[in-house]
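Engineer: Sharing a structure, written as structure tokens. Questions coming.
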Amino acid sequence: MATVTINIEGMTCDHCVGSVTKVLENLAGVSEVSVTLAQNTARISYDASKLDPSGMTKAIEDDGYTVKSITPS
Ligand SMILES: [Cu+2]
């Protein structure tokens, strides 16, 4: 299992947190998502054989937010 922390621009409230959490949870291969509004981050545990961070970036940006950085952790 791999983990990344993605820094996201554009989240302003709990609705945004819920929306980002949902689009990430809907991706095949994602096992756990934790979005923190105060830090503008999403921490994601995933199966690297099924998904890579570019797929997460696309899902977040399709949802209307901007990915600022991706940090493997
Ligand atoms: Cu919002």
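Throughout, read-outs are computed from the coordinates displayed, never taken from laboratory work. What you see is a predicted model, and the numbers here were worked out from it, not measured in a lab. Here Cβ is always computed from backbone atoms with ideal geometry, including for glycine, and neighbour counts include all displayed protein chains.
Engineer: Which whole-number percent is the relative contact order of region 2-72 (Cα, under 8 Å, 6+ apart)? Numbers along the way, then the final one.
Structural biologist: Working: 122 pairs, mean separation 33.1, N = 71.
Relative contact order here is 47 percent.
Engineer: Taking 25 Å as R0, compute the FRET efficiency from the Cβ-Cβ separation of Thr71 and Asp14 and round it to 0.05.
Structural biologist: Details: r = 24 Å, r/R0 = 0.95.
Efficiency, rounded to the nearest 0.05: 0.60.
Engineer: Go through region 8-16 residue by residue and turn each phi into a ³J(HN,Hα) via Karplus (6.51, -1.76, 1.60, θ = phi - 60°); whole Hz please, and just put x for glycine and proline.
Structural biologist: Calculated HN-Hα couplings, in order: 10, 9, x, 7, 10, 7, 5, 4, 4 Hz.
Engineer: From the alpha carbon gyration tensor of region 2-72, can you work out the equivalent ellipsoid semi-axes (sqrt of 5 times each eigenvalue) and give them in Å, largest to smallest?
Structural biologist: Three semi-axes, in Å: 18, 12, 11.
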